[in-house]
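Enquirer: Sharing a structure here in structure tokens format.
The values are calculated or read from the model by the stated rules, or taken from the named source; none is laboratory data. Here the structure is a predicted model, which is why all the values come from computation and not from measurement. Here Cβ is always computed from backbone atoms with ideal geometry, including for glycine, and neighbour counts include all displayed protein chains.
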Amino acid sequence: MNPRKQSRFNGSVIVALFISLISTFYLMPAASAQGTVSIPGVVDNLPVHPGDTISFTYAVSVTDPKTISVTVSEISTVVQLSVKCPNGSSQTITVNAPAQSLVIPANNRNWVPAAGPVKMTVPSTLCGGNTGVETAVTFTTSSTTTCNANSAQGCCHTLCTRFTHQHNSLPPPGFSQSCKPGKQCTSAQHGGCCP
């Protein structure tokens, strides 16, 4: 074989392999997973009056070291406050947060806060216009978590969510949190944590 033709052939093979590697490891589609998190909050047993302001804040984090960037798209996030009325009945106050995306940078274990706080005014009809007492609080969020996998193993991490709520300008009672292991794979991925 002519040495020039052979060297041109070797160069073509090398370029083709290089392009194949790039497309396999760097142009792989993002892996994603959906889930719902429900967290019972710290109950402060404070009185709740019609016209009070109830607010909450929340944040997300990835606890595992050496992770790649993760985007958490919060689709539906609510806090529900159970209130006991003087007549013994119970009512629920629901505070809705707008949808938003939170980006957790690679290799970052810090909490990434959502925009907020999210606030609402207690309706004048609460307990027939009377003062009630908080008896329970629950945070629920439905989200999609997406990572840009740069290898055939996909994305494996533990996603944590925390929240706290507040009455008017009183100090919040403290954070409650939940952590869930996550595994995101695309159909083309095999090995590592992916089937």
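Enquirer: Name the residues in segment 74-88 that are in contact (Cβ under 8 Å) with a residue 24 or more places away in the chain and over 21 Å from Pro40 (Cα atoms), would you?
Expert: Correct list: Pro86, Asn87.
Enquirer: Residues of segment 125-142 being in a helix (DSSP H, G or I) and surrounded by 16 or more Cβ atoms within 10 Å (Cβ to Cβ), which ones?
Expert: Leu126, Cys127
Enquirer: Then there's this: Considering only segment 106-121, state which residues are modelled with pLDDT under 90 and either in a strand (DSSP E or B) or of a type outside the set (A, V, I, L, M, F, W, C) (or both).
Expert: Correct list: Asn107, Asn108, Arg109, Asn110, Gly116.
Enquirer: Tally time: how many residues in segment 52-105 are out of contact with any Leu (no Cβ under 9 Å at 6 or more places or on another chain), among the small types (Gly, Ala, Ser) and either assigned to a strand (DSSP E or B) or under 30 Å from Asn130 (Cβ atoms) (or both)?
Expert: Final tally of qualifying residues: 8.
Enquirer: Considering Ala59, Ala115, which residue is on the phi < 0 side of the Ramachandran plot, of a type outside the set (Val, Ile, Thr) and free of Cβ contacts under 8 Å to residues at least 40 places away in the same chain? Steps first, please.
Expert: Values: Ala59 fails: free of Cβ contacts under 8 Å to residues at least 40 places away in the same chain.
Residue meeting the stated conditions: Ala115.
Enquirer: Select from segment 146-195 the residues that are part of a loop (DSSP other than H, G, I, E, B), surrounded by 14 or more Cβ atoms within 10 Å (Cβ to Cβ) and either of a type in the set (Gly, Ala, Ser) or modelled with pLDDT of 80 or more (or both) and list them in ascending order.
Expert: Selection gives Ala149, Ser151, Ala152, Gly154, Pro172, Pro173, Phe175, Gly192.
Enquirer: For Val42, work out the one condition from (1) aliphatic (A, V, I, L, M); (2) at pLDDT below 85; (3) part of a loop (DSSP other than H, G, I, E, B) it doesn't fulfil.
Expert: Only one criterion is unmet by Val42, namely (2).
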